Amino acid sequence: MSKTRRLLVLSLLWAFVAPCGLAAEKKPMLVVFDFESPHDGGKLGKWAAQNVRGKGVRRKEFETLDELSFEEVLASERFAARYAMRPDEVAKFIRKHFEADVAVWGKVESLGGENFKLFVRGVDLRRDVTQLALDKTYTCTNPRDVPLSIA
């Protein structure tokens, strides 16, 4: 076999084999529902959810669903995760409509001024969905300050 032919064969082989060995480890898919915040019509709850979602992505711990597609499904199904919901109820909805590994929901209560309480719940769909994987309460002025860890 000529040197040129050998290089061509090796190049083609490398083109097909290399991507398999160099593929990045798949990160868990995170779904974050808008948090309940009845005191302001949901504005702070939406902001809190965006910050929790962003934190998971910035830390490179999670991938997230396309927010627009997620919102479209929620609207068409008329579904909103409420703080009081059982984890298996949330998991059932997620499994029916999405391929996600972790779901987070919660509520926000104003404490006056810039302070608020953030109640966060989460379920790990890779494990027992009848149990909460996350059930924490934080007092803060900014959801970015919440030391959230689900993985």
> Within segment 68-80, can you find the residues that are of a type in the set (Gly, Ala, Ser) and either in contact with a His (Cβ under 8 Å, 6 or more places away or on another chain) or touching a residue at least 40 places away in the same chain (Cβ under 8 Å) (or both)?
Replying inline: Ala80
> List the pairs whose first member sits in segment 52-67 and is in contact (Cβ under 8 Å) with a residue 24 or more places away in the chain, whose second member is of a type in the set (S, T, N, Q) and surrounded by fewer than 14 Cβ atoms within 10 Å (Cβ to Cβ), and whose Cβ atoms are under 9 Å apart, counting only residues at least 6 apart or on separate chains?
Replying inline: Glu61/Ser149
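Yes or no, residue by residue, for (1) under 22 Å from Cys140 (Cβ atoms); (2) at pLDDT 90 or above; (3) among the basic types (Lys, Arg):
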position: Val31; (1), (2), (3): no, yes, no
position: Trp47; (1), (2), (3): yes, no, no
position: Arg53; (1), (2), (3): yes, no, yes
position: Val57; (1), (2), (3): yes, no, no
position: Leu65; (1), (2), (3): no, no, no
position: Val73; (1), (2), (3): no, yes, no
position: Val90; (1), (2), (3): no, yes, no
position: Asp101; (1), (2), (3): no, yes, no
position: Glu109; (1), (2), (3): yes, yes, no
> Any idea how many residues of segment 112-142 are out of contact with any strand residue (DSSP E or B) (no Cβ under 6 Å at 6 or more places or on another chain), free of Cβ contacts under 8 Å to residues at least 60 places away in the same chain and not hydroxyl-bearing (Ser, Thr, Tyr)?
Replying inline: 9
> Of the numbered conditions (1) assigned to a loop (DSSP other than H, G, I, E, B); (2) at pLDDT 90 or above; (3) within 23 Å of Arg58 (Cβ to Cβ), Ile150 satisfies every one except a single condition; which is it?
Replying inline: (2)
>> Within segment 21-107, considering only helices (runs of 4 or more DSSP H) that don't extend past its boundaries, which have at least 1 residues that are farther than 15 Å from Arg126 by Cα, within 14 Å of the chain's Cα centre (by Cα) and of a type in the set (D, E, K, R)?
In response: 43-58, 67-77
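The values are calculated or read from the model by the stated rules, or taken from the named source; none is laboratory data. Keep in mind that this is a model prediction, so the values were computed, not measured. Here the Cβ is made from the backbone with ideal geometry for all residues, glycine too, and neighbour counts use every protein chain on show.
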